[in-house]
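Quick notes on the structure that follows.
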Amino acid sequence: MNPAVIILKALIFPGLLFTAVLGLVTSWVDRFVTARVQMRVGPPFLQPFYDVAKLMIKETCVPAGGSTWLFLGAPLVGLSGVTLGALVVWSALLFGGRGFSGDVIVALYVLTLPAVGVILGSFASRNPLASLGGSREMKLLLSYELPLALAVLVPVMQSYAAVQSIRLADMATQLPVASVSGVLALVVAILCMQAKLTLVPFDAPEAETELTGGAYMEYSGPPLGLFKLTRAMMLVTMPLFLVTVFCGGLDVADGVLPALLGLLKVLGLVVVIVLIRNTAPRVRTDQAVRFFWGPVTLVALVAVGLGMMGL
């Protein structure tokens, strides 16, 4: 492929710029639904864009004694991870003939880089409270990745059994959620997504009422803007990924109306996690670890077992 085309896809469509715009729109949906649940009016549509743009023109402050290069480079780690993950998923949905075997595994694990970026940045600041937030992020990452991988294994097995392929483009033609194992795996994946996005009840790494921002405490200006942008992009990329592997994708090739219905599936997942965020209390880190390594992993294993039996 022409290198110019690759760069265009990575930076504009369907990569960084395209996903960033959709992510900020999804961030507005998050804030709008939250406002309605709390009986408030909510922000204007362009408010997330204004927030990121304002941070981009603010001064960047680096804490004394911190690792400057790691502190400033950590937001780029997270942004590159979500951009690559979004590019893999979007390419499978929009250009179904492209992709490679096992791209689902690549997408699953590059989407851990945003959490890694938060961990690196918090430790690089040498702020005790920020480091505590990074420690919580690390424990949360270790807790939800196992059940998430097991949950994704269910549609992988179903896709391989049906079409002998584990490419995202081929998985998007299946409908695992129509089976019992697929439903259980999707429930597990939604809970893991809630933690991956560090939304209540799994927002211990940030915990504004306890840690005053936690891992992001020392960040300001463009680096903080990049973290905010990364979180917004994750807010659309993770539901898109789950819709692709569990719910039949977006049906882009079937026309405009099926594609719009596919986007409604993504929007529905976003609304679900926002409602969970606004109706559940925060849990402690140890409670989250026990929850994901206990009942959630158990349900994921049951889903894998049922999937192996074809149920």
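Here, each number is a calculation from the coordinates, and none is a lab measurement. This structure is a prediction, so every number in the text was calculated from the model and none was measured. Glycine also receives a Cβ, built like all others from the backbone with ideal geometry; neighbour counts cover every protein chain displayed.
Couple of notes before you dig in:
- Tensor-based shape of the stretch 1-73 (alpha-carbon gyration tensor, a/c under 1.5 rounded, otherwise prolate or oblate): oblate
- Helix 221-246 vs. the chain, principal-axis angle (Cα, 0 to 90°, nearest 10): 10
- Modelled FRET efficiency - R0 41 Å, Thr212 with Val256, Cβ distances, 0.05 increments: 0.30
- Mean projected area in nm² (Cα convex hull; one quarter of hull surface) for the stretch 3-308: 16.0
- Residues Trp28, Trp69, Trp90 arranged by fewest to most Cβ contacts within 10 Å: Trp69, Trp28, Trp90
- Nearest-0.05 FRET efficiency for Ala162 and Met39, computed from C-beta distance (R0 35 Å): 0.15
- For the stretch 200-207, the Karplus equation 6.51 cos²θ - 1.76 cosθ + 1.60, evaluated at θ = phi - 60°, returns couplings of 3, x, 10, 9, 4, x, 9, 6 Hz by residue, with Gly and Pro reported as x.
- The stretch 3-308, relative contact order [Cα under 8 Å, separation at least 6], %: 27
- Cα-centre dipole for the chain with unit charges at Cβ (Lys and Arg positive, Asp and Glu negative), debye to 20: 260
- Helical mean residue ellipticity (222 nm; -39500 (n - 2.57) per DSSP H run of 4+; nearest 500) of the chain: -23000 deg cm²/dmol
- Dipole magnitude for the stretch 140-274: computed about the Cα centre from +1 point charges on Lys and Arg Cβ and -1 point charges on Asp and Glu Cβ, it is near 260 debye.
- Taking other C-beta atoms within 10 angstrom as a stand-in for reagent exposure, Ser67, Ser27 fall in the order Ser67, Ser27, fewest first.
- Nearby aspartates and glutamates by direct alpha-carbon distance to Lys54 (threshold 19 angstrom, same-chain neighbours under 8 apart not counted): Glu218
- Span from the the stretch 243-303 Cα centroid across to the the stretch 91-141 one, whole angstrom: 17
- Toward the positive end of the charge dipole of the chain, with +1 on the Cβ of Lys and Arg and -1 on the Cβ of Asp and Glu, the farthest Cα among Tyr216, Ala124, Ala86 is that of Tyr216.
- The stretch 193-311: C-alpha gyration tensor shape, a/c 1.5 cut-off, then a/b vs b/c: oblate
- FRET efficiency estimate (nearest 0.05) - Cβ-Cβ, Met309 to Tyr50, R0 51 angstrom: 0.45
- Spatially proximal lysines relative to Lys58 (Cα-Cα < 21 Å; intrachain offsets below 8 disregarded): Lys228
- Radius of gyration and Dmax over the Cα atoms of the stretch 20-159, both given in Å: 18.2, 53
- Set of aspartates and glutamates near Lys139 by C-alpha distance (under 19 Å), chain-local residues within fewer than 8 positions excluded: Asp203, Glu206, Glu208, Glu210, Asp286
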